[in-house]
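Below: the structure, in C-alpha cells.
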Amino acid sequence: MKSSYLFPILAALLIVLFYLGLPELKTCALPPAERGRRGGPREGAFLALLTLAYAALAFFRLGDAQAPQSFRAFEGDSLTLELAEPAPVGGLTLYTGVVPGSYIFELSPDGEVWLPAGEYSQGYADLLKWQTPALTAPELPVRYLRVTGYDGAELGELALLGPSGEALPWLTASELTDEQALVPPEPDYLNSCYFDEIYHARTAVEHLRGMRPYEISHPPLGKLLIGLGIRLFGQTPFGWRFMGTLFGVLMLPALWLFARRLFGGGLVPGCCAALLAADFMHFTQTRIATIDSYAVFFILLMYAFFWLWLSEGSLPALALSGLCFGLGAATKWICLYASLGLGFAWLCRWIGAFVNSGSKPKGANKAPKKKGTPHQSPAATASPQGEALLSEFFKNVAFCLVFFVLIPALIYCLSYLPYAAPRGVRPFSGAYFRMVWDNQVYMFRYHAGVDATHPYSSRWYQWMLDIRPILYYLKYYPDNVRSSFGAWLNPILCWSGLLALFVLGYTAVFRRDRKAAFLLLGYFAQLSPWLFITRITFAYHYFACSLFLVLALGYVFSLMREAGVPGWRARAVGLCALSAAVFALFYPAVSGALVDNTLATGLLKWLPTWPFVRMLP
C-alpha cells in the first residue's frame, strides 16, 4: 500500500471519532425552530477575520492584472514588422484575441528574400491566450517578420524570441509590438485562459464589444457578470476572474447568516463558514471565469430567503427568494433544479397548513345535538379560520406568480439584450422573443445531445464519495516541479457531510423535523436530476450540493449542542480544524502553486483515481 493511501484511512477514523459523540436520535432535543440565540461581538469578529483571510488567499495569484489591450484583425492582409537589428531567431510568441482565424509567417534577412517560417491556426480553444506556434527559422540573422492573417483573425501582441528565449526588440511601431513588456517567459494560467474560460471569458468580452457571442449554451447573465470585472480591471485574467472570486468570498457571510437563522448564533454558524472556506471545490471553482460561482451563490440566497418565509412568514423574504431565482435562472439552468425543490417545500407547507386547520380540539364533537336542528352542509359549517386560510393561500399563489414567474421571466428576457444589437433585433419585439425562444431550444438540444468523452469525467455516485476530481490545469517545469489544480470536495467535508445526510434523513422521517427535511430537499433537488442525465458530467456539477453538506454538518453540531454532548465544542472545532489542515496540505493542488512533483504525488494521491500524476498522453 502506498503511504499516501494511509491519509484517507486516518481521515475516515477521525470522522468516525467525531460521530461517536452523536446523541441518541430518538430522544435528543432537535435544533430549535425559533430564530435562535444571539451571537456576541466575538462571533462577528471571527466572521470578519475568516472572510478577510479567505479573500486574501483567493485573490492571491488569481491572474495577471495586465494583458495586451490593443488588437489587430487580419482579413487576408499582411503586416511587416522590423527588428531593431538583425538577430538569430529561436521562436515566436503571440497573444490571441477573441476572433479565430489563421496566419502565415515569413522571415527575411533583408526585406526582399522571404522564407516561409510556418503557419498557425487560431481555433476557438486558442483564444485569449499566449501561444508559442512552431517556427522554422533560418540559421542566418533575421531582420523582418511578415504576418498574413485570414478570416478576421485577431492578434494582440507578437514577439520574436532569441535563441535563449528572450524577446527581440522591434523597430516597427504597431498594435502587435506596443506592449512587449507584457510578453511572459512562457504561457501559464496566470496570463492565459484555461478550461471553460475559453467560452465564458471570451463571451463576456464579445458582449462588451457588441459582438455576436460564440458560447450560447447557457443563459447570458453569468457572462455579463464576468464582464463587470473586465470593465473594472480590464481585459485581463484578473479582470475576467474577479467577479467569480468576489462572489465566492460573499458566500461565506451569506452562508453564515443562513446558518444563524437555522441554528441560532454562537459557534455553529462560524463552523459552517469555516468548512465552506476550507472546501477545495469552493476555492477552485470560484477562481475560474465560468458561471458556476454566480449560480451557486444565487441558489444559496434562494434557500436562505425561502427559509425565512417558512419559519417566520416574511413575505419580503419570499419575494427576495423569487428575485434570486430569476437571477440564478438567467445564469445557469441548475437554478431551475433548486426552484423545483422550493416549489415542493412550498406545496408541503400549504398542505400542512390545510391539514392542521381541519383538525378539531378534543371534545369538539361531544356537544349534544338539539332535536329539530336541520342538517348543515360542509360549506355551511366552514369555519372562519378555514376561509381565512383559503384566502391567504390564494393571495400567496398570486404573490408567488409575480415573484417566481413574472419577475424571473422579465429578468431572463432582459439578460438577452446583448444578443439583440449584433443581430439588429429591436428589444422586446416579436423577433426578440423568437430569438430568446430559439436559444432555449438550442440550449436544450445542445445539452441533451452532448456525446463527448473526457478523461476526467465522472458520475454522480463518484461525486458523493470524492472518487474522481476534474483536473483543470497541469504544467510541468524543470527540476521535477509542477503547477496544477483541480476541482473536488475537501474529503473531510465530503465524507463527514455524507454521514450527516443520514442523520438528517432519520430526524426528518422519524422525528418529522422540517429543518432537516428542508436541508435534505435542497441537497437532493440539486443532485437528483443528474441521476437521469446521461451526457458527460464532471465533479463541479456537485458544487451546489456542497452547500447543503456544510449545513448538514451544522445541523449535527447543533444536535450535539442541544443534547449537551460533553466536549461538543471540541468535536465541532476539531472537525473544522481537520478540514483546514487538509486544505493547507492540498493548497498546491487547488491553487496552481509550484510544488515538487514526487513529493506532491506521494502526499496528495489519496485515492488511485485522483489525478495528481500525468494521465494524458
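The values are calculated or read from the model by the stated rules, or taken from the named source; none is laboratory data. As the structure is a prediction and not an experimental result, all values here were calculated from the model. Note that each Cβ is placed from the backbone with ideal geometry, even for glycine, and that neighbours are counted across all protein chains shown.
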If we keep just the residues of the stretch 103-117 that are within 17 Å of residue 174 (Cβ to Cβ) and not aromatic (Phe, Trp, Tyr), which is surrounded by the most Cβ atoms within 10 Å (Cβ to Cβ)?
107
State which residue is nearest to residue 504 (Cα to Cα) when the search covers only the stretch 1-52 and only residues that are polar (S, T, N, Q) and at pLDDT 90 or above.
27
Residues that are in a loop (DSSP other than H, G, I, E, B) and in contact with a Cys (Cβ under 8 Å, 6 or more places away or on another chain), drawn from the stretch 449-465:
none
Going through 29, 73, 87, 56 one at a time, which residue ends up being within 31 Å of the chain's Cα centre (by Cα) and hydrophobic (A, V, I, L, M, F, W, C)?
56
Pick from 548, 524: which is part of a helix (DSSP H, G or I), surrounded by 24 or more Cβ atoms within 10 Å (Cβ to Cβ) and either in contact (Cβ under 8 Å) with a residue 24 or more places away in the chain or in the same structural domain as residue 286 (by TED's automatic domain parsing) (or both)?
548
Within the bounds of the stretch 239-261, is there any residue that is surrounded by fewer than 24 Cβ atoms within 10 Å (Cβ to Cβ) and outside any helix (DSSP H, G or I)?
no
Could you say whether any residue in the stretch 455-471 is surrounded by 14 or more Cβ atoms within 10 Å (Cβ to Cβ), hydroxyl-bearing (Ser, Thr, Tyr) and under 12 Å from residue 535 (Cα atoms)?
yes
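Quick grid of which residues meet (1) more than 27 Å from the chain's Cα centre (by Cα); (2) charged (D, E, K, R):
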{"position": "408", "(1), (2)": "no, no"}
{"position": "411", "(1), (2)": "no, no"}
{"position": "419", "(1), (2)": "no, no"}
{"position": "427", "(1), (2)": "yes, no"}
{"position": "434", "(1), (2)": "yes, yes"}
Taking the stretch 145-196 as the search range and keeping residues that are touching a Pro at 6+ places or on another chain (Cβ under 8 Å) and crowded, with 20+ Cβ neighbours inside 10 Å, which one is farthest from residue 74 (Cα to Cα)?
189
Any residue that is part of a loop (DSSP other than H, G, I, E, B) and farther than 21 Å from residue 175 by Cα - is there at least one of those in the stretch 65-86?
no
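Residues are listed down the side, and each one gets a yes or a no for (1) over 15 Å from the mean Cα position of the chain (by Cα); (2) part of a loop (DSSP other than H, G, I, E, B); (3) in contact (Cβ under 8 Å) with a residue 12 or more places away in the chain:
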{"residue": "203", "(1), (2), (3)": "yes, no, yes"}
{"residue": "206", "(1), (2), (3)": "yes, no, yes"}
{"residue": "211", "(1), (2), (3)": "yes, yes, yes"}
{"residue": "216", "(1), (2), (3)": "yes, yes, yes"}
{"residue": "228", "(1), (2), (3)": "yes, no, yes"}
{"residue": "232", "(1), (2), (3)": "yes, no, no"}
{"residue": "235", "(1), (2), (3)": "yes, yes, yes"}
In the stretch 481-490, which residues are in a loop (DSSP other than H, G, I, E, B) and either not aromatic (Phe, Trp, Tyr) or not assigned by TED's automatic domain parsing to the domain that holds residue 30 (or both)?
489, 490
Among (1) closer than 20 Å to residue 572 by Cα; (2) crowded, with 24+ Cβ neighbours inside 10 Å, which single condition is residue 265 missing?
(2)
Going by what's in this entry, would residue 308 be described as in the same structural domain as residue 569 (by TED's automatic domain parsing), in a helix (DSSP H, G or I) and without any contact (Cβ under 8 Å) to a residue 60 or more places away in the chain?
no
Subset of the stretch 566-582 that is aliphatic (A, V, I, L, M) and surrounded by fewer than 19 Cβ atoms within 10 Å (Cβ to Cβ) - its residue that is farthest from residue 489 (Cα to Cα)
570
Does residue 446 count as surrounded by fewer than 22 Cβ atoms within 10 Å (Cβ to Cβ), over 20 Å from the mean Cα position of the chain (by Cα) and not in a strand (DSSP E or B)?
yes
Being within 21 Å of residue 191 (Cβ to Cβ) and free of Cβ contacts under 8 Å to residues at least 40 places away in the same chain is the filter here; which residues of the stretch 142-180 pass it?
166, 180
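Yes or no, residue by residue, for (1) farther than 18 Å from residue 176 by Cα; (2) part of a strand (DSSP E or B):
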residue: 112; (1), (2): yes, no
residue: 116; (1), (2): yes, yes
residue: 128; (1), (2): no, no
residue: 136; (1), (2): yes, no
residue: 140; (1), (2): yes, no
residue: 147; (1), (2): no, yes
residue: 155; (1), (2): no, yes
residue: 159; (1), (2): no, yes
Just one of 498, 504, 471, 493 is in contact with a Gly (Cβ under 9 Å, 6 or more places away or on another chain) and either part of a helix (DSSP H, G or I) or in contact (Cβ under 8 Å) with a residue 40 or more places away in the chain (or both); which is it?
471
Being in a helix (DSSP H, G or I), in the same structural domain as residue 50 (by TED's automatic domain parsing) and free of Cβ contacts under 8 Å to residues at least 60 places away in the same chain is the requirement here; does residue 600 meet it?
no
Quick check: is even one residue across the stretch 281-303 assigned to a helix (DSSP H, G or I), touching a residue at least 60 places away in the same chain (Cβ under 8 Å) and more than 30 Å from residue 202 (Cα to Cα)?
yes
Residues being more than 23 Å from residue 514 (Cβ to Cβ) and either hydroxyl-bearing (Ser, Thr, Tyr) or part of a loop (DSSP other than H, G, I, E, B) (or both): count how many of those fall in the stretch 1-31.
8
Output the residues belonging to the stretch 71-102 that are among the hydroxyl-bearing types (Ser, Thr, Tyr) and crowded, with 20+ Cβ neighbours inside 10 Å.
93, 95, 96
Filter the stretch 422-443 down to the residues that are in a loop (DSSP other than H, G, I, E, B), within 20 Å of residue 211 (Cβ to Cβ) and not hydrophobic (A, V, I, L, M, F, W, C) and list them by number.
424, 426, 427
Restricting attention to the stretch 309-331, does a residue exist that is β-branched (Val, Ile, Thr) and surrounded by fewer than 23 Cβ atoms within 10 Å (Cβ to Cβ)?
no
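For every residue, the table says whether it meets (1) over 30 Å from residue 298 (Cβ atoms); (2) surrounded by 14 or more Cβ atoms within 10 Å (Cβ to Cβ); (3) modelled with pLDDT under 80.
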| residue | (1), (2), (3) |
| --- | --- |
| 338 | no, yes, no |
| 355 | yes, no, no |
| 373 | yes, no, yes |
| 400 | no, yes, no |
| 406 | no, no, no |
| 414 | no, yes, no |
| 417 | no, yes, no |
| 422 | no, yes, no |
